[in-house]
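Every number here is computed from the coordinates shown, using simple stated rules; none is lab data. Values in this document were obtained by computation on a predicted structure and should not be read as measured data. Every residue, glycine as well, gets a Cβ built from its backbone with ideal geometry; the counts of neighbours run over all protein chains shown.
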Amino acid sequence: MENNKLTRFGVSMDERLLENFDKIIEEKGYSNRSEAVRDLIRDAILQHNWTNNSEIVAGAILLFYNHHQNKLVNEMMGIQHEYHENILAATHLHIDHHNCLEIIIVKGLAADLRTLSDKLITLKGVFYGKLTISPLS
């Protein structure tokens with residue numbers, strides 16, 4: 001990230017909202033409100049760019065699924081092979097006899113990663129999935 005000149009600005013908000021925000025800041029371990037606000041703004045910018053699908057991003061797709069679900073593993077592998085150019089690595093963990101956790105490290109256009117993630121998460125037998133992304137700069 002570039003070193004830019006710091007600019008101060010004021011924010012007005014309801015006292016109760018600020019109290020709740022301060023509790024979160026303390027729980028998360030931020031040293032001050034400015035750091036927390038910067039993180040929120042970075043996330044808002046990322047989400048905006050992500051919805052525009054115009055930015056190259058990197059991230060991870062987290063999938064919890066029942067590996068006994070009929071044909072699920074083969075469907076997951078087929079989808080991953082379709083998007084091999086976006087997949088950097090994958091880790092498969094056996095949580096118990098029935099359930100697995102897969103973490104797929106991805107990079108590419110946000111639109112492509114969202115499509116890949118949606119295809120995997122909506123498969124029958126996947127009971128939780130989430131795509132988390134970050135800008136590369």
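Numbers at a glance
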item: Helices (runs of 4 or more DSSP H) (entirely within region 1-106) containing at least 2 residues that are surrounded by 12 or more Cβ atoms within 10 Å (Cβ to Cβ) and under 21 Å from the mean Cα position of the chain (by Cα); result: 33-52, 72-82
item: Answer residue from region 77-134, given it is small (Gly, Ala, Ser) and free of Cβ contacts under 8 Å to residues at least 24 places away in the same chain and is farthest from Val57 (Cα to Cα) among those; result: Gly78
item: Check on Leu123, in contact with a helix residue (DSSP H, G or I) (Cβ under 6 Å, 6 or more places away or on another chain) and over 30 Å from Met13 (Cα atoms); result: yes
item: Selected residue [over 23 Å from Ile103 (Cβ atoms) and among the basic types (Lys, Arg)] from Lys71, Lys23; result: Lys23
item: Residues that are part of a helix (DSSP H, G or I) and either within 16 Å of Tyr65 (Cα to Cα) or not acidic (Asp, Glu) (or both), drawn from region 107-126; result: Ala110, Ala111, Leu113, Arg114, Thr115, Leu116, Ser117, Asp118, Lys119, Leu120, Ile121
